[in-house]
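Read the structure below first, then the notes.
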Amino acid sequence: VKLLKEKKFAINYSKKANEIKHLVKDDLARIDDYLKLNLISENKLTGEIITHILNSEGKRIRPLLSVITAKALNYDKAEIYYLACAVELIHTATLLHDDVIDESDKRRGFNTVNNIWDNKSAILAGDFIFAKSFELMVKTKNLNVLDNLARASSVISEGEIAQLELLNTKEISLAKYLEVISAKTARLFAEACRNSVVIASGNEVLEKALYDFGNNLGIIFQIIDDMLDYFGDEKSLGKSIGDDFFENKITLPIILLAQELKEESVILQEILAKDNKQDSDFRQVLSLMKKFNIKEKSRQFTMSYNELALSCLTVLPNSPSKALLQDILEVSIYRLN
Ligand code: IPE
Ligand code: IPE
Ligand code: MG
Ligand code: MG
């Protein structure tokens, strides 16, 4: 019965993901046009890295959230695309730096910039793209947007730094994990949605609700990303599996596993304490996760955030765009089958 249930999710997921892609294809094309037009460099190396990045497309979930939120409020002017692209570029710059920090070799199905070029180039290109995101923020001509995104940028950095500190303590703490993912991931999702309201309507009740929607969706999104690092498939994910484990990053699957273990908890502690983790260690942790249903328990954990996110959307009048926001939430949860 369980297998059947999972199969059903798998079919629904790809069907739904394709439906969403079809519905937003014009928005996606416009976002990509704005990105291309605004990411130009006279410098040869910078230009090459930009070309590499623009050719290896991401899912564009954050800019889509900005555009769709605005459409749910009947707003579709250029400012929203400047906002959307500013948000996507903050994300892109963060990924360039994140892949250096995490020593990751694969991203969006291609080798990472740090892998093809080197760490220094990736960091400098990240700085360039981050600076470009601020130029785009200014083009929204809205100081509140600039204020919100500037603050979010520092919070994201603090989230990555807090995560780095946690690596050294090897502490397994759900509260600290949630703090880190709220800062490094959920905040940008929240701002992607909130600032659309700032531009499109300025209604404070709506602003708060859409911020909370983005925040809850962002937490779910990072939890699923962390699950994919254990249970995902490298090919469809476009990045390597097991990075978090080998890097000693404590994420939800490990936290929930540690909570379940009794006599086996020594085994997990021993593995986590190892400086040089082997593939066999990863496989052993995976089999413990399987034994204790950690995949299901992790997904179950996202359900309260899902309820919260859905309830935030009640402030919006019913519309195809509101339905799309609900669909993106659902697809985010089931992108891991
Ligand atoms: C990856 O984000 C980093 C996380 C916050 C989990 P995405 O999964 O949105 O990356 P792209 O942009 O689609 O490659
Ligand atoms: C996402 O964290 C990075 C930020 C949001 C800053 P991860 O390290 O989990 O993202 P991936 O797995 O490399 O995409
Ligand atoms: Mg990473
Ligand atoms: Mg990850």
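Restricting the GluC sites (Glu not before Pro) of segment 157-233 to loop positions (DSSP other than H, G, I, E, B) with no more than 15 neighbouring Cβ atoms within 10 Å leaves E171. With angles folded into 0 to 90 degrees, how steeply does helix 187-200 sit against the dominant principal axis of the chain? Use alpha carbons for both and round to 10. The two axes meet at around 20 degrees.
Between amide H atoms placed 1.01 Å from N, distances below 5 Å from K106 occur with T112, S240, all of them 5 or more places distant or on a separate chain.
Computed from Cα positions, the angle between helix 25-38 and the longest principal axis of the chain comes to roughly 80 degrees. By how many degrees, 0 to 90 and rounded to 10, does the Cα axis of helix 204-231 deviate from the longest principal axis of the chain? Helix 204-231 sits roughly 40 degrees off the main axis of the chain.
Among the GluC sites (Glu not before Pro) in segment 38-89, which ones are in a DSSP loop with at most 10 other Cβ atoms within 10 Å of the Cβ? Mind listing them? Sparse-neighbourhood loop GluC sites (Glu not before Pro): E42. Stokes-Einstein, applied to the Kirkwood radius of the chain over Cα pairs at a viscosity of 1.002 mPa s and 20 °C, places its translational diffusion at 104 µm² s⁻¹. Rounded, prolate or oblate: pick one for segment 98-235, where a ≥ b ≥ c are the square roots of the eigenvalues of its C-alpha gyration tensor, a/c under 1.5 means rounded, and failing that, prolate if a/b is larger than b/c, else oblate. Note, shape of segment 98-235 comes out oblate. Applying both filters, DSSP loop and at most 13 other Cβ atoms within 10 Å, to the trypsin sites (Lys or Arg not before Pro) of segment 231-337 gives K262, K274.
Got the relative contact order for the chain handy, in percent, Cα pairs under 8 Å and 6 or more residues apart? Mind dumping the intermediate values first?
Numbers: 410 pairs, mean separation 71.4, N = 337.
It rounds to 21 percent for the chain.
Each value in this text was obtained by applying a stated rule to the coordinates, not by laboratory testing. None of these values were measured; they are calculated from a predicted model. For neighbour counting, all protein chains shown are included, and Cβ atoms are generated from backbone atoms with ideal geometry for every residue, glycine included.
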